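Below is one structure, written out as structure tokens; the observations come after it.
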Amino acid sequence: MLWYVLYTKPRSEQKVAQRLDQLGVQVYCPMITELRTWSDRKKKVSTPLFKSYVFVKLREKQRNLVFNVPGVVRYMHWLGKPAVVRNHEIETIEKWLNNDEVEQMEINEISPGDKIMINNGSLEGKEAIVREVGKKQMRLILPEMGFSVVVKTREVL
């Protein structure tokens, strides 16, 4: 059985994951907790780490089963074939979401296009390319893993 990447309709990741689970399909939709601010309140909200994507573990013969679920658009493809994610990459994402704490961080004028090396956590030793730098987050491309990650930053005093 292999892990495949499914592309879903926007904001349908959790519903698709629940429905696939009810069909008996092994599914993984990594979630993060964000602090959202409205004009009158702040609230912690659970959102998908990868917008419009969920991972499913299936035999190749079962791949069409997912299209019975509303909200599934298509499989993500790489070089003309459905993209396959290795088990250790899924485990790395799970470990990173569950265990990693940033102990110390220092940012010195990082710009889009810079190559950086991740020094701590389950992604330690991985090279990343900075795609965007914002006030509260930055987007990193992890070429070895084939996707990008949004990293929240905090003000360093």
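Scattering from the chain was approximated by placing one identical point on each alpha carbon and applying the Debye formula without solvent; log10 I(q)/I(0) at 0.19 1/Å stands at -1.30.
Would you mind working out the accessible area per residue for the chain, using a 1.4 Å probe, and quoting it in Å²? Could the numbers behind the result be given before it?
Values: 11230 Å² over 157 residues.
Accessible area per residue: 71 Å².
Charged neighbours of residue 54, selected by a Cβ distance under 15 Å, balance to +4 (K, R count +1; D, E count -1). Partners of residue 43 within straight-line reach, counting lysines whose Cα lies under 29 Å from its Cα and excluding those fewer than 8 residues away in the same chain: 9, 15, 51, 95, 135, 136, 152.
Given charges of +1 on the Cβ of Lys and Arg and -1 on the Cβ of Asp and Glu, with all other atoms neutral, how large is the dipole of the chain about its Cα centre, in debye to the nearest 20? Don't skip to the end; give the middle numbers.
Numbers: 26 positive and 19 negative charges, 204 e Å.
Here the chain has a charge dipole of around 980 debye.
The trypsin sites (Lys or Arg not before Pro) found in the range 8-76 that occupy coil by DSSP, while having at most 10 further C-beta atoms within 10 Å, are 41, 59.
A DSSP coil position with no more than 10 other Cβ atoms inside 10 Å describes the following chymotrypsin sites (Phe, Trp or Tyr not before Pro) in the range 15-92: 38. Packing, as the average of other Cβ atoms within 10 Å across residues, places the peptides 79-91, 136-148 in the order 136-148, 79-91, highest first.
Counting only protein heavy atoms, what percent of the accessible surface of the range 33-149 is carbon or sulfur at a 1.4 Å probe? Roughly 46 percent, rounded to a whole number.
All other residues whose Cβ lies under 13 angstrom from that of residue 89 are scored, Lys and Arg at +1 and Asp and Glu at -1, for a net of +1.
Post the alpha-carbon centroid distance, the range 119-134 to the range 17-68, in whole angstrom. Centre-to-centre distance over Cα atoms comes out at 23 Å. Each helix, a run of at least 4 DSSP H residues, gives -39500 (n - 2.57); summed and divided by the residues of the chain, these come to -4500 deg cm²/dmol at 222 nm. If R0 is 22 Å, what FRET efficiency do you get for residue 117 and residue 86 from their C-beta distance, rounded to 0.05? Rounded to the nearest 0.05, the efficiency is 0.55.
Against the globular-protein guess of 2.2 N^0.38 Å, express the Cα radius of gyration of the range 2-60 as a ratio, rounded to two decimals.
Numbers: Rg = 13.7 Å, N = 59, 2.2 N^0.38 = 10.4 Å.
Here the Cα radius of gyration is 1.32 times the empirical estimate.
The values are calculated or read from the model by the stated rules, or taken from the named source; none is laboratory data. What you see is a predicted model; the values in this text were computed from it and never measured. A quick note on method: Cβ atoms are made from the backbone with ideal geometry, for glycine too, and the neighbour counts reach across all protein chains shown. For the accessible areas, the whole protein counts, side chains as well, though only heavy atoms, and no ligand, DNA or RNA atoms are used. Shrake-Rupley method; radii C 1.70, N 1.55, O 1.52, S 1.80 Å.
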